[in-house]
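Following: one structure in structure tokens, then a few remarks.
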Amino acid sequence: MPLRYYISNVLPPDPPPTDPDVAWKNSYRLAISDANVNAPFSYHFEIPPLPDQTPAFAWGLAICRTTVWTAIDADARNFRLFQGDEGDQETLEDLLARLDSRTMGALTTARRNNIRNKATGLGLSTADMGNTVSLRVILQKFARFLRPNFDETKFYIP
Amino acid sequence: MATVGSATFTVGSDTGIESYTPDVGAGFTQEAANAFTAINAGDALRGNGTTTRHARKEDDIGDDDMDVSADVTAATSTARLAGVCGRMASGNFANMYRGYVQGSGSGQNDLVLEKVVSNVVTELAASRNRAGESTVSRTIKLQIRTADKKLFENGVEILTTADDSLTGNNYAGLIMNGGTNITTSVDNFLSESVSGGGGAVIPKFIYQYRRRRVA
């Protein structure tokens, strides 16, 4: 199953359900978690906390693995970070190699603008997201905004 | 690795968890009265009621790096879950890493990895809609190290996180939302220290001998 990175909104804990046989989502999580994916679906979140353990930002980073992306992509709270340019990579090694091999300049204008507009909307500077910058560096810019010591080689789904 | 605590929950008659004598190490403290019962007929631990509860085994592992494992089952209802906890605080149930199997409807199961810090729960990673009934027993292991926390199923790494926001707690335990029957269960609980120190450490061959005798 291929891997993708998403920027996704943080959701707060739900109130308790009235039916005791229904799962209670009592955790902070990303909107990715609530996607109605009718297929095997795995994810790993980066949600850095404040000292009181509430999320430090209104958004987080996810790496996801599935074969059915429809529900995730239909939710406006989820932003596919590389807009399709990452291709269908099955392993983290292949995904990072792909990101190393592609620069912002190699993307379509639409994809490039979407990524930069997303960064701007989240408060990131796009001054260093020029056309010669690799997509792996773009990943690092989003991720290290969340957590400065983020290591993309350790952010994976086994 | 060194065994610090173990519990097979084998009893001659149904026994509340705080009255149960583990195979190795100290007893358990449950989060609420009557939350867990070791069931004679099921030879495992059952959660009582429909609220998620925890129990802490009162062995100080001697370090906040640890392995915690158990054989777990969960009924197919999405509210049912069973798993293990690590880096639990002494004296409260507000802080821990926890990994568990969860019901996901007929024919499938979820595995979830979370942290709880000052009662604030954050989902770290999950694998959802996995093929296979949640009612089938599996061994899950929560491996806690400074560099990462991993959840294994039957020896295979399924989930990981680099989160290290919770440190300094040396206890392990379990989590369950059991409903009222043994379909959701925890069995063969094991807590291990990484460094070989802490708790009632016994040679592994004696631990294995005791387990074979009980079985």
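Derivation of every value follows stated rules applied to the coordinates shown; laboratory data play no part. These figures come from a predicted structure and were not determined experimentally. Methodologically, a virtual Cβ is constructed for each residue, glycine included, from the backbone with ideal geometry; neighbour enumeration extends over all protein chains shown.
Return the Rg/Rh ratio of the protein assembly as shown with Cα-based radii and a Kirkwood Rh.
Result for the protein assembly as shown is an Rg/Rh of 1.01.
For the stretch B:84-162, what is the convex hull volume of the alpha-carbon atoms per residue, in Å³?
96
At 222 nm, what helix-only mean residue ellipticity would chain B give, in deg cm²/dmol to the nearest 500, using -39500 (n - 2.57) for each DSSP H run of four or more?
-1500 deg cm²/dmol
Between A:TRP59 and residues 5 or more places away or on another chain, which pairs have amide H atoms under 5 Å apart, with H built 1.01 Å from N, and which residues are they?
Answer set, sorted by chain and number: A:VAL10.
Run the simple label-point estimate for B:ASN119 and A:ASP21 please: 7 Å along Cα→C-beta, distance reported in nm.
So the label points at B:ASN119 and A:ASP21 sit 3.0 nm apart.
Using θ = phi - 60° and the Karplus form 6.51 cos²θ - 1.76 cosθ + 1.60, what ³J(HN,Hα) does each residue of the stretch A:36-49 get, whole Hz, x for Gly and Pro?
8, 8, 8, 6, x, 7, 10, 7, 9, 10, 10, 10, x, x
Angle between the Cα long axis of helix A:92-101 and the longest principal axis of chain A, 0 to 90 degrees, nearest 10?
40
Is the shape of chain A best called rounded, prolate or oblate, per the rule: a/c under 1.5 gives rounded, else a/b larger than b/c gives prolate, else oblate, with a ≥ b ≥ c the square roots of the Cα gyration tensor eigenvalues?
prolate
Label the stretch B:1-129 by shape, choosing from rounded, prolate and oblate, from the square roots a ≥ b ≥ c of the eigenvalues of the Cα gyration tensor; if a/c is under 1.5 it is rounded, and otherwise prolate applies when a/b is larger than b/c, oblate when it is not.
Judged from the Cα gyration tensor, the stretch B:1-129 comes out oblate (a/c at least 1.5, b/c at or above a/b).
What distance in nm separates the two pseudo spin-label positions at B:VAL136 and B:VAL156, each 7 Å out from Cα along the beta-carbon direction?
1.0
Beyond 29 Å between alpha-carbons counts as too far, so tell me which of A:LYS118/A:LYS154; A:LYS118/B:LYS150; A:LYS118/B:LYS141 fall in that bin.
A:LYS118/B:LYS150; A:LYS118/B:LYS141, as the Cα separations exceed 29 Å there.
Could you please tell me the mean projected area of the C-alpha convex hull for the stretch B:42-86, averaged over all directions and given in square nanometres to one decimal?
4.2
Calculated FRET efficiency, A:ALA97 and B:ASP60, Cβ-Cβ r, R0 30 Å, to nearest 0.05?
For R0 = 30 Å, the calculated efficiency reads 0.10.
Top mean-square fluctuation among A:PHE79, A:PHE41, A:PHE142, Gaussian network model of chain A, C-alpha springs under 10 Å?
Looking only at A:PHE79, A:PHE41, A:PHE142, the biggest GNM fluctuation is shown by A:PHE41.
Are there GluC sites (Glu not before Pro) in the stretch A:48-142 that DSSP marks as loop and that have at most 11 other Cβ atoms within 10 Å, and which are they?
Loop-located and lightly packed - A:GLU90.
Mind checking the angle between helix A:109-122 and chain A's longest principal axis? C-alpha axes, 0 to 90 degrees, to the nearest 10.
Helix A:109-122 sits at roughly 50 degrees to that axis.
How far is it, in nm, from the label point at A:GLN140 to the one at A:THR67 when both lie 7 Å from their Cα along the line to the Cβ?
Distance between the two pseudo-spin positions: 3.5 nm.
What is the average number of partner chain Cβ atoms found within 10 Å of a Cβ in B:1-14?
The per-residue average across the peptide is 0.
For a quick protection proxy, order the peptides B:102-112, A:123-133 by their average other-Cβ count within 10 Å, most packed first.
In decreasing order of mean packing, B:102-112, A:123-133 become B:102-112, A:123-133.
Please compute the average number of Cβ atoms from other chains found within 10 Å of each residue's Cβ in peptide A:16-24.
5
Round to the nearest 0.05 the FRET efficiency obtained for B:THR180 and B:GLN108 when R0 = 25 Å and r is the Cβ-Cβ distance.
That gives a FRET efficiency of 0.65.
Suppose only helical runs count, i.e. DSSP H with n ≥ 4. What mean residue ellipticity at 222 nm does that imply for chain A under -39500 (n - 2.57) per run, divided by all residues and rounded to the nearest 500 deg cm²/dmol?
Estimated from H runs of four or more residues: -7500 deg cm²/dmol.
Within the stretch A:93-107, list the residues whose amide N lies under 18 Å from a label point set 7 Å along Cα→Cβ of A:THR132.
Residues passing the 18 Å test: A:100-107.
Just flag the trypsin sites (Lys or Arg not before Pro) in the stretch B:105-188 sitting in loop per DSSP whose Cβ has no more than 16 other Cβ atoms within 10 Å.
For trypsin sites (Lys or Arg not before Pro) across the stretch B:105-188 that sit outside H, G, I, E and B with at most 16 neighbouring Cβ atoms in 10 Å, the list reads B:ARG145.
To the nearest whole percent, what portion of all C-alpha pairs in the stretch B:1-50 is separated by more than 13 angstrom?
Everything past 13 Å amounts to 55 percent.
In peptide B:122-134, what is the residue-averaged number of other protein chain Cβ atoms found within 10 Å of each Cβ?
Taking the mean over all residues of the peptide, I get 6.
Let me know the shape class of chain B, please: from the alpha-carbon gyration tensor, a ≥ b ≥ c as square roots of the eigenvalues, rounded when a/c is under 1.5, otherwise prolate if a/b is greater than b/c, or oblate.
Rounded, since a/c falls under 1.5.
Helix A:135-146 versus the longest principal axis of chain A: what is the Cα-based angle in degrees, 0 to 90, to the nearest 10?
Computed tilt is about 40 degrees.
On a full-extension model of 0.36 nm per residue, what is the gain between A:ASN149 and A:ASN36, subtracting their alpha-carbon distance, rounded to one decimal in nm?
Net length gain for the segment: 37.5 nm.
Which FRET efficiency value, to the nearest 0.05, is calculated for B:ALA94 and B:ALA33 with the Förster distance at 22 angstrom and r the Cβ-Cβ distance?
0.75
Please report, in debye to the nearest 20, how large the charge dipole of chain A is about its Cα centre when each Lys and Arg carries +1 at its beta carbon and each Asp and Glu carries -1 there.
In total the dipole reaches around 580 debye.
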